[in-house]
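Below: one structure, written as structure tokens.
Quick note: the coordinates plus some simple rules give every number you see, no bench work behind them. Since this is a predicted model, take the numbers as computed values, not measurements.
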Amino acid sequence: MKFSPGFTLVELLITLVVAAILLAWGVPSFQRFMDRTTLTSETNQWVGMINTARSEAITRSQRVSICRTTDPDCDGTGTCPCGGAASFHDGVLIFTSDPGTPSPTQFDSSQHTLLAAHSSISDKVVILANDGADAGGAGTLTFQGDGTLDDANDGTP
């Protein structure tokens, strides 16, 4: 009797069944892992943006605003809108703002300095803001020059 190298049909079927069971168990766990990773990444991105705005406000001793925008590709020239129909998933601008405008409704390069523009906000994470607290609904978060929140822009944070 001569043995030929390879697998029998039964061995192959058992291997496929074991692989299917492992995949059925592992894929949902991997999806939960990916969801947790996305949440952690987005949270860290937001904490970084808030820390940047606060740090810049203190460093410059002037107000710095974070606002949602429909123009995340703003290059710091001209004007870029804040608020309106924009959501935080569309993009975020961080810029200096002047004290005479409690709730900036746009970035204007003649009055403000653009510090950062972010466009990679995931729609898997929901960001809520006290939208209706100001008349324009700009959804801004503003730090004063001493690093404290300016609650005159969008109501009490």
Would you pull out the residues with amide H under 5 Å of Gln106's amide H, same chain only if 5 or more places away, H placed 1.01 Å from N? Cys82
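For Asp73 and Asp35 in the same chain, what is the full-extension length gain: residue separation times 0.36 nm, less their Cα-Cα distance, in nm? Before the final figure, lay out the partial values.
On the way: separation 38, 0.36 × 38 = 13.68 nm, distance 2.69 nm.
Separation in residues times 0.36 nm, less the Cα-Cα distance, equals 11.0 nm.
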For the stretch 1-120, take N as its residue count and report Rg(C-alpha) divided by 2.2 N^0.38 Å. 1.95
Could you go through the stretch 16-25 in sequence order and give the Karplus-derived ³J(HN,Hα) for each residue, using 6.51 cos²θ - 1.76 cosθ + 1.60 with θ = phi - 60°, rounded to whole Hz, and x for Gly and Pro? 5, 5, 4, 5, 5, 5, 5, 5, 4, 7
